[in-house]
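Participant: Please read through the structure below; I'll follow up with questions.
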Amino acid sequence: MTPISSEQLLSALNWRYATKKFDPARKIPADTWAVLEQSLVLTPSSFGLQPWRFLVVDDPAVRERLKAASWGQTQVVDASHLVVFLVRKDLDAAHVERYMARTAAVRGTPVEALDPFKKVISQSLDSARRDARLDTWQTHQIYIALGQFMTAAALLGVDTCPMEGLSPTSYDEILGLAGTGYATVCACPAGYRAADDKYAATPKVRFEADEVIAHL
């Protein structure tokens, strides 16, 4: 792999902002979108369990309903694409078994050889469940995927807007998630900024590095 330069990375991160106004006429090319979907697939997670699903909402009528459940934020309908980030609630033994089977298939190893690893995972999940923090633990991991998605998009020159300003229960109802085991955490429109989005030129406000980074 040939790494990008430090200048390229910082340039992309400085260029990125939470886009308030998308250009509805500009669509993300199919090949670019395919890469962004793969960035979601490649997101790291605790134990590699991938406690999520990423729902790409293409239907304009559904997105219009989601806009109403997002306090009228127009990014939901104007952006080229909309991703809803879902958490797999109450992660159970069936999910672990599925992950073990996938690991064995990908790595060409007998599934029985993974029993020690499965035991560690199961004990950790059981402990979190007893402490009533399992869903919270898994939900936190969704933000790893959101961050990776936004960074990948910035490197490709695609704008994004992370959104927690929505009603998760309304999203769940609109998207028909009842009984699926999945629930809405957040959403992220993606596309290209409108030429008249004044926030594109607004300077980023960040504390100085020595105020947020310490060395021991």
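Participant: When you check A154 against the structure, is it in contact with a helix residue (DSSP H, G or I) (Cβ under 8 Å, 6 or more places away or on another chain), among the small types (G, A, S) and under 24 Å from L40 (Cα atoms), yes or no?
Facilitator: yes
Participant: T2 - would you say it is assigned to a loop (DSSP other than H, G, I, E, B), at pLDDT below 95 and either at negative phi or not hydrophobic (A, V, I, L, M, F, W, C) (or both)?
Facilitator: Yes.
Participant: While we're here: Failed condition for F207, given (1) surrounded by fewer than 20 Cβ atoms within 10 Å (Cβ to Cβ); (2) of a type in the set (F, W, Y); (3) closer than 17 Å to V84 by Cα, with all others met?
Facilitator: (3)
Participant: Does any residue in region 1-23 that is touching a residue at least 24 places away in the same chain (Cβ under 8 Å) and over 13 Å from L155 (Cβ atoms) come within less than 7 Å, Cβ to Cβ, of a residue that is aromatic (F, W, Y) and assigned to a helix (DSSP H, G or I) six or more places away or on a different chain, and which pairs are these?
Facilitator: Listed by first residue and then by second, the contacts come to Y17/Y199; K20/Y199.
Participant: Also, I was wondering about something else. Give the number of residues within region 167-216 that are under 22 Å from P51 (Cβ atoms), in a loop (DSSP other than H, G, I, E, B) and of a type in the set (A, V, I, L, M, F, W, C).
Facilitator: 3
Participant: Which residues, taken from region 152-182, are buried (at least 18 other Cβ atoms within 10 Å of the Cβ) and over 29 Å from L13 (Cβ atoms)?
Facilitator: Listed by number, the residues that qualify are D172, I174, L175, L177, Y182.
Participant: Just a yes or no: is a residue in region 28-41 closer than 27 Å to A154 by Cβ, in contact with a helix residue (DSSP H, G or I) (Cβ under 9 Å, 6 or more places away or on another chain), modelled with pLDDT of 95 or more and not in a helix (DSSP H, G or I)?
Facilitator: yes
Participant: Looking for something within 15 Å of the chain's Cα centre (by Cα) and farther than 14 Å from A190 by Cβ - is there at least one such residue anywhere in region 55-76?
Facilitator: no
Residues checked against (1) surrounded by 19 or more Cβ atoms within 10 Å (Cβ to Cβ); (2) part of a strand (DSSP E or B):
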position	(1), (2)
F47	no, no
L55	no, yes
L66	yes, no
W71	no, no
V76	yes, no
F85	yes, yes
D90	no, no
H95	no, no
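Participant: From the list A104, A201, pick out the single residue that is among the small types (G, A, S), surrounded by fewer than 16 Cβ atoms within 10 Å (Cβ to Cβ), without any contact (Cβ under 8 Å) to a residue 12 or more places away in the chain and under 25 Å from A12 (Cβ atoms).
Facilitator: Numbers: A104 fails: under 25 Å from A12 (Cβ atoms).
Just one listed residue meets the conditions, A201.
Participant: Name the residue, out of L146, L134, that is over 16 Å from the mean Cα position of the chain (by Cα) and either surrounded by fewer than 16 Cβ atoms within 10 Å (Cβ to Cβ) or under 22 Å from L91 (Cβ atoms) (or both).
Facilitator: Every option except L134 fails the conditions.
Participant: Could I ask something else about it? Starting from region 150-164, keep only residues that are in contact (Cβ under 8 Å) with a residue 24 or more places away in the chain, then list their pairs with residues that are part of a loop (DSSP other than H, G, I, E, B) and surrounded by 22 or more Cβ atoms within 10 Å (Cβ to Cβ) whose Cβ atoms are within a distance under 7 Å, requiring at least 6 positions of separation or different chains.
Facilitator: Note: pairs meeting the criteria are D159/T19; T160/T19; C161/T19; M163/S70.
Participant: Identify the single condition in (1) among the β-branched types (V, I, T); (2) over 22 Å from V77 (Cβ atoms); (3) without any contact (Cβ under 8 Å) to a residue 40 or more places away in the chain that T169 does not satisfy, given that it satisfies every other one.
Facilitator: (2)
The values are calculated or read from the model by the stated rules, or taken from the named source; none is laboratory data. Computed from a predicted model, the values in this text were never measured in an experiment. We place every Cβ from the backbone using ideal geometry, glycine too, and count neighbours over all the protein chains shown.
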